[in-house]
Every structure is written in C-alpha cells, then in structure tokens.
Amino acid sequence: MRGRGILIALFVLTLPLVTPKIRGADEIEYFSYLRSLVFDHDLEFGDEYQHFYDQDRSGLAGFKTTFLDLREPQTGRHINFAPLGAGLLWAPFFLLAHGGVLLLRAVGGGVAADGYSKPYVAAVCYASALYGFGGLLLTHAALRRWGGVTDLQATVSVVALWFGTPLFYYMTIAPGFSHATSVFTIGALVYLSLRVAERGSYGLGEAALLGAAGGLAALVREQDLLYLVIPGLLFAAHAGARREVVRPVLALLTMGATAVLTFVPQLLAYHGVNGAWGPSKMVTRKMTWTSPHFFAVLLDPGHGLLIWTPLLLLAIAGLLLALGAKRRAWAWGLLLAFGLQVWINGCLESWTQAGAFGSRRFVSATPVLAFGLATLVVFAGRHRMRMGTVLALTVSVWWNLSLMVQFGLRLMDRQGMTWPRVAISAAAVRGPDR
C-alpha cells in the first residue's frame, strides 16, 4: 500500500475518536460566527453565548464573565476575539447538515433546525477533521515533490507529526478549534510555494494565488499571514539570482494585494463587532511587540513547545540541516516562518496557553516542520541511523499520546503545570486532580 493509502486508512480508523462537541470559549467563538451569520444574519453573538452557557453553567463561569457580561465599547455588541475563517470553511458542511435536518423534519423527524442540534455540531467537527487530513495529504504530496524524499520517508514524517504533536488532539478530541483547519490552509500555501521553489520562476498569476492562500490562512488565524514570508523569500532569492528588480517587486505587490483582498471579510467583521478595522483593543492591549516570552515559548518547563512536543526538536534540527542543501532559500523560508510564529506567540500576554492541550498555536506549522523532519529521516537513512530514528519517532508519539490520555482524564493541572507528567494509563498517575 502506498503512502497515501496508509494515510487514508489511518484517517478512517481515527474517525470514531472525533468528538462532536463545542465546549470551550474559543470553540464557541468560532462556531458563533457561523451560526449567527446563517440563522440571525448578523454579528451579534448573545444568543449563541447564552445557549452554550446554559449547557454548562459551572464549567463556563469564566466564559460568562468575559463573553456574556462584557460588550465592545464602541458598538455595544458581545465581543468575539476569534477570526471568522474557520466558520467560513465549515459553512458548506454546516449548510449541508441544515438541508438534511430540514429534510428529516419534512418527513416527521424531531431534530431541531436551530443551528445548535447534533447534526450541525457534528458537521463542523467532522469538517475540521477532514480539513486537517487534507492538510496532511497536501504536506505528503509536497514532500514527495521536493525531491530526495521517498514515498515511505514522506509517509513516516507525516504520520509522526500527526500522532506525535497536538494536531491529533485537535483533529479528534477538540475539533471545534481552528487548528486542524489551519493545517489545511498552510498546507495549501506551502504546496503552492514549493512549485515556485521547484521551477525557480513564477508569474503574477501564481503570486496572486499565493496571496489568496495567505489571506485565507489569515482568515482562519490572523498570525498565519506571517507564513507568506516563505514565497516572499523565494521571490527575493529569484531577484538576487537573476538580478531582477521589477518582476519580484510586482510579484510581492500582487501577492500582498491579493492577501488583503481575501482578508476583507475579516476587516468587515472587525468593524461590525468592535467598530474598528482591526482586532478588538481587548486583544491588542495584551501584545508586546518585542516578544518578551520568545524563549519561554520554546523552553518553559510547564508550557514550552519543545517540552510538550519533543518531536519538534528533530524537525527543527532537520530544517537547520536543510540549510546546507541546494534549495537554501526554501529552507531559510521555512525556518524564518517558524521563527516568526515563535516571535508572535512570544508577544502575547497569554503565551502559556494555559488550560489548552499543548502548544496549540503551533499546530499550523505542521506542513513547515514536516520538511525538517523528512530531511532528518533522509539523513538518517543515508548514515545508517534508521533504528535510532525510528526509536526517537516512536517515543515522541508515545509521549504525545500519553499526555493526551492524562489531559483528557484530567489527571494533570491544566493551568499551572511545572512539568507534564506522562501517563501510561490512568492508574499510573497518582495524586488528586487539582
């Protein structure tokens, strides 16, 4: 069975793990955009927030304080910090579910056609899982096109990142977040950028397509716009190699303009919700642009990316290794894109992501880090290090899955961890749930 078949088989096997629920604050915000636009035709989320709060008043007490009790000062509307891109990508599945519900009701079914009942929530959650898987397929295809990576090596790299990082959690246990969807948008951007890297040439049409992909990524998560540095650096490298100026500048301008045009729905949403053409001041006031938490984002004992997900140490090492290869501009673009994600997360007051599983804001980097991991896998194969690499990948996957068990069963302090304790099983972890 070829690599793509293996990935499809694994995806089908994981589908029963998808949890069709909307629970946390972020999930409610993403879902509320979609439900409010489809059913209420507005950007007022009070009905949606009240509905979810009524389902779990004790668990959403903090949510009530922020989202039900507060209003945007300029508009008086309920706040929503989330972008609307995930909702837009979920919309076809949501509308298909709505059509199915209406059909069921026409023949006597009792399912509520209110945008909240199980078919609607299930449609959104399974859509996230499907988008995440689509991003993995795009990543696998990109690795195969890259050259020097066999089908088996590409498959091993993708599977390791799938099950050895928080992506698996956000494709199954918590698909109501935007993270699985972001893997799809960045996977598309990386795949399209690779075509430029392969040929060493591009047209304005390709630049526009890359801009649209970047704008879509930003609609899902604003900080994902920074991944446009990958094609941007390729354009700059092309300019340096061929001593051209006009064409690369036109490509950059075209890409930027298309990205902005694609992002216009979010600009309109900003203005409708908070009365400004940008994010709520309740968000921007938490940003310090010097990134004071840059290193803590990576290495903090309780919340650091490389502590939660040690597999990424191998992926980053692979990216550094790739800097010595022929496609140096491509490797630099990937490494810089990852570095910018560390920087932007280090700017946030809430950089710890306390209460969430793992460093979830880096899930979108999966297609980028896949090239680093694949580089390392290829290197290990050439230097008779296969068994050591397989062992390292296996331990990394075990680490992530055991943390998922511990986190899901509430056997760890989700807010104030000093070190994530690994649980082989629920019985292996002692001490009360704090």
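Values in this text are rule-based calculations from the coordinates and carry no lab data. Quantities reported herein were computed from a predicted structural model and do not represent experimental measurements. Note that we place each Cβ from the backbone using ideal geometry, even for glycine, and neighbour counts take in every protein chain shown.
Assorted remarks:
- Extension gain, V246-L409: 0.36 nm per intervening residue step, less the Cα-Cα distance, totals 52.9 nm.
- Listed residues G99, G108, G46, most fluctuating in the chain (Gaussian network, C-alpha, under 10 Å): G108
- Charged neighbours of Q341, selected by a Cβ distance under 13 Å, balance to +1 (K, R count +1; D, E count -1).
- Shape of region 233-326, Cα gyration tensor, a/c cut at 1.5: oblate
- Computed [θ] at 222 nm, deg cm²/dmol, the chain (DSSP H ≥ 4; -39,500 (n - 2.57); rounded to nearest 500): -20500 deg cm²/dmol
- Members of K21/K64; K21/K286; K118/K281; K21/K281 lying beyond 27 Å, as alpha-carbon distances in this model show: K21/K286; K118/K281; K21/K281
- Rough spin-label spacing in nm, given labels placed 7 Å along Cα→Cβ, for F379 and L70: 4.4 nm
- Computed over region 6-56, the ratio Rg/Rh where both radii use C-alpha atoms and Rh is Kirkwood: 1.18
- Build a GNM of the chain with springs between Cα atoms under 10 Å apart, and of A325, A160, A213 the one that fluctuates most is A325.
- Candidates F11, F177, F371, ranked by Gaussian network fluctuation over the chain, Cα under 10 Å, top entry: F11
- Kirkwood hydrodynamic radius over Cα pairs of the chain, then Stokes diffusion coefficient at 20 °C and 1.002 mPa s, in µm²/s: 95 µm²/s
- Rg/Rg_globular for region 269-393, with Rg_globular taken as 2.2 N^0.38 Å and Rg from C-alpha atoms: 1.27
- The average projected area of region 100-145, computed from the convex hull of its Cα atoms over all directions, is 3.8 nm².
- Working from Cα pairs under 8 Å separated by at least six residues, relative contact order for region 57-158 is 16 percent.
- Seen from L7, the other residues with C-beta closer than 13 Å to its C-beta sum to a net charge of +2, counting Lys and Arg as +1 and Asp and Glu as -1.
- Applying Stokes-Einstein at 37 °C and 0.692 mPa s to the Kirkwood radius of region 108-187, computed over alpha-carbon pairs, gives a translational diffusion coefficient of 237 µm² s⁻¹.
- Between the alpha-carbon centres of region 350-389 and region 199-220 there is a gap of 25 Å.
- Cubic angstrom per residue, convex hull over Cα atoms of region 173-263: 77 Å³
- For H51, net neighbour charge (Lys/Arg +1, Asp/Glu -1) across residues whose Cβ lies under 10 Å away: -3
- Computed over the chain: relative contact order in percent, which uses C-alpha pairs under 8 Å that are six or more apart: 17 percent
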